[in-house]
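These notes concern the structure reproduced below.
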Amino acid sequence: MPSPKAKNPVRSGGSPVLGSSNGRYEFMSLTKPLNRSSPSHLLQRQGSEPATARLRASESPTRRRGSSSSTGSTSGQGLSEEDGIRLNPSFIRVALSSLLAIDLWMSKRLGVCACEDSSWGSVRPLMKLIEISGHGIPWLAGTAYCLYKSDSAAGQEVMLNLLMGLLLDLVLVAIVKAVVRRRRPAHNRMDMFATFSVDRYSFPSGHATRAAMCGRFLLAHLVLAAPLRVLVLLWASLVGLSRVMLGRHNVTDVMFGFWMGYCQYNLVEMLWLSPQTLQGLLGQLA
Ligand SMILES: CC(C)=CCC/C(C)=C/CC/C(C)=C/COP(=O)(O)O
């Protein structure tokens, strides 16, 4: 039966927390080869290696004290089950944990406009303006208005598909946010306008998905002049950067958001509503 103590992450000397298995954080020994054996087997091995056992037992007094409280699972040499847990997280898990740690560290460092008294607090109003430029409401309202005003069949077709893409984006982002449920960074101030309940989660960034999808859409269907194309790319990049600088998102939320928005555009192309399809749909509605 596992010791209840073993459920707690132990932060004594040795390697850092690397990952979890069954919701339990685990350590990897830096001094011994990886071993897939069960903890009890490892304890037996420690018993047969007195030098290592002594060394490990002397690592931390706190740990020794902790060990005695779980004597039911010790080998009788003052070693707890934790001492025997020599875990073997896969290389991918180690890499992911490290990436996550770098992500959190970078996001905190880049969140320089998270509030007015942050180091770049004076740029916050500009960042919030960029935030609004990537918000769903202006995009939906602007597209609906252009659709209404458009007098050519080609224009209406493009605008209707953009509208469909924007709605698709809202739904897909809401689903991923609800499934992943990653909290926004602690330094974020939740003062965004017009949000859904899922927007308390940060993965992926809805602004980044929209910027990538609409950016691709504009480049493919609406913006042809080279200087304007550069502006579109610049805008999309600034929307992503502003999410991290405002402290709304971690870097990975934005990077994944860009990738997701890029793929969403492919989906819009696949589902493209042609004038014939539209006429069929409108005919069914009438
Ligand atoms: C017509 C309709 C359903 C409009 C809803 C538009 C709306 C409230 C979109 C939410 C946009 C938003 C705040 C997304 C969150 O973006 P993150 O980058 O913070 O994930």
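Numbers below:
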read-out: Count - residues of the stretch 239-270 that are open to solvent by 70 Å² or more (accessible area, probe 1.4 Å) and touching a helix residue (DSSP H, G or I) at 6+ places or on another chain (Cβ under 7 Å); value: 1
read-out: Any hit, the stretch 235-245, residues being away from the ligand (no atom under 16 Å from the Cβ), aliphatic (A, V, I, L, M) and part of a helix (DSSP H, G or I); value: no
read-out: 1 or more residues exposed (fewer than 14 other Cβ atoms within 10 Å of the Cβ) and more than 9 Å from the ligand (Cβ to nearest atom): qualifying helices (runs of 4 or more DSSP H) within the stretch 117-233; value: 124-133, 136-149, 153-180
read-out: Residues that are touching a Leu at 6+ places or on another chain (Cβ under 7 Å), more than 16 Å from residue 209 (Cβ to Cβ) and not aliphatic (A, V, I, L, M), drawn from the stretch 229-252; value: 229
read-out: Selection from the stretch 203-240 of residues that are out of contact with any Lys or Arg (no Cβ under 9 Å at 6 or more places or on another chain) and of a type in the set (Phe, Trp, Tyr); value: 217, 235
read-out: Cross-chain or 6+ apart pairs with Cβ under 8 Å, the stretch 182-210 first and at positive phi, then open to solvent by less than 20 Å² (accessible area, probe 1.4 Å) and within 8 Å of the ligand (Cβ to nearest atom); value: 194/135; 194/136
read-out: Output for the stretch 219-236, where each listed residue is under 17 Å from residue 261 (Cα atoms) and out of contact with any Phe, Trp or Tyr (no Cβ under 9 Å at 6 or more places or on another chain); value: 219, 221, 232, 233, 234, 235
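The values are calculated or read from the model by the stated rules, or taken from the named source; none is laboratory data. Computed from a predicted model, the values in this text were never measured in an experiment. Virtual Cβ from ideal backbone geometry, glycine too; neighbours counted across all protein chains shown. Ligands, DNA and RNA are excluded from the accessible area calculation, which covers all protein heavy atoms including side chains. Shrake-Rupley method; radii C 1.70, N 1.55, O 1.52, S 1.80 Å.
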